[in-house]
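Step one of this worksheet: look at the structure below.
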Amino acid sequence: MIKLSGRVIYRGKASGEALVSPAPIGFLGGVDPQTGVVVEQGHPLNGLSVGGKVLVFPTGKGSTVGSYTLYRLARTGLAPAAIINARSEAIVAVGAIIAEIPMLDLVDISLFQTGDPVEVDGEDILIG
């Protein structure tokens, strides 16, 4: 097991399988709000669902409407269980807050592998 801490963007408790991207994620146009599947062509997670996963990626990108996309995903049960970033940015942070998705940043995301079991509890993260 690996224990880490991060800066809390939205405090909460969640667990799930890690879904790790080395590339930033843009939720508007990058993730289908009706299915939770990454649809951005050429993205490393293209074709994969973020629903119920602990979504690990460096930072967000894109339009402010991406915040609403995260909220929409949460309302339909298709949102990530938690979000972990190397460095948060306003669009994803606001989306996590309004959607009540636990989110942390300032985390060494190179320690995560897709498929790892991950638990988030406040500022604490357990991998494995």
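Just so you know, all these numbers are worked out from the coordinates, no wet-lab data involved. Remember, it's a predicted structure, so these values are computed and weren't measured experimentally. No Cβ is skipped: glycine too gets one built from the backbone with ideal geometry, and neighbour counts run over all protein chains shown.
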Query raised in the report: Using helices alone, what [θ] at 222 nm do you get for the chain, with -39,500 (n - 2.57) per DSSP H run of 4 or more residues, divided over all residues and rounded to the nearest 500?
Result: -5000 deg cm²/dmol
Query raised in the report: So how strong a dipole does the chain carry about its Cα centre when Lys and Arg Cβ are +1 and Asp and Glu Cβ are -1, to the nearest 20 debye?
Result: 240 debye
Query - Table column - 3J(HN,Hα) (Hz), region 89-100, Karplus curve with 6.51, -1.76, 1.60, x for Gly and Pro - result: 9, 4, 5, 5, 4, 5, x, 5, 5, 6, 8, 6
Query raised in the report: In region 2-127, with Lys and Arg counted as +1 and Asp and Glu as -1 at Cβ, which of these residues, 42, 96, 58, has the Cα nearest the positive end of the dipole, that is, farthest along it?
Result: 96
Query - Between 0 and 90°, nearest 10: helix 65-75 axis offset from the chain longest Cα axis - result: 70 degrees
Requested in this report: Mind listing the long-range amide H neighbours of residue 89? Cut-off is under 5 Å, sequence gap 5 or more, other chains count too, H placed in the peptide plane at 1.01 Å from N.
Outcome: 60
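In cubic angstrom, how much convex hull volume per residue do the alpha carbon atoms of region 73-124 span?
Taking the convex hull of the Cα positions in region 73-124, it is 91 Å³ per residue.
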Query raised in the report: DSSP beta bridges in region 2-127, what fraction antiparallel, as a percent rounded to 5?
Result: 65 percent
Query raised in the report: Per-residue HN-Hα couplings for region 104-119, Karplus 6.51 cos²θ - 1.76 cosθ + 1.60 at θ = phi - 60°, whole Hz, x for Gly and Pro?
Result: 10, 9, 6, 10, 6, 6, 5, 7, 9, 10, 4, x, 4, x, 10, 10
Query raised in the report: What is the extension gain from residue 17 to residue 63, computed as 0.36 nm multiplied by their sequence separation minus the C-alpha to C-alpha distance, in nm to one decimal?
Result: 13.8 nm
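For the chain, what D do you get in µm² per second when you plug the Kirkwood radius from alpha-carbon pairs into Stokes-Einstein at 4 °C and 1.567 mPa s?
94 µm²/s
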Query raised in the report: What does a probe at residue 111 reach in region 19-58, counting residues whose amide N is under 15 Å from the point 7 Å along Cα→Cβ?
Result: 56-57
Requested in this report: Work out how much length residue 3 to residue 123 would gain on full extension: take 0.36 nm times their residue separation and subtract the Cα-Cα distance, in nm to one decimal.
Outcome: 42.1 nm
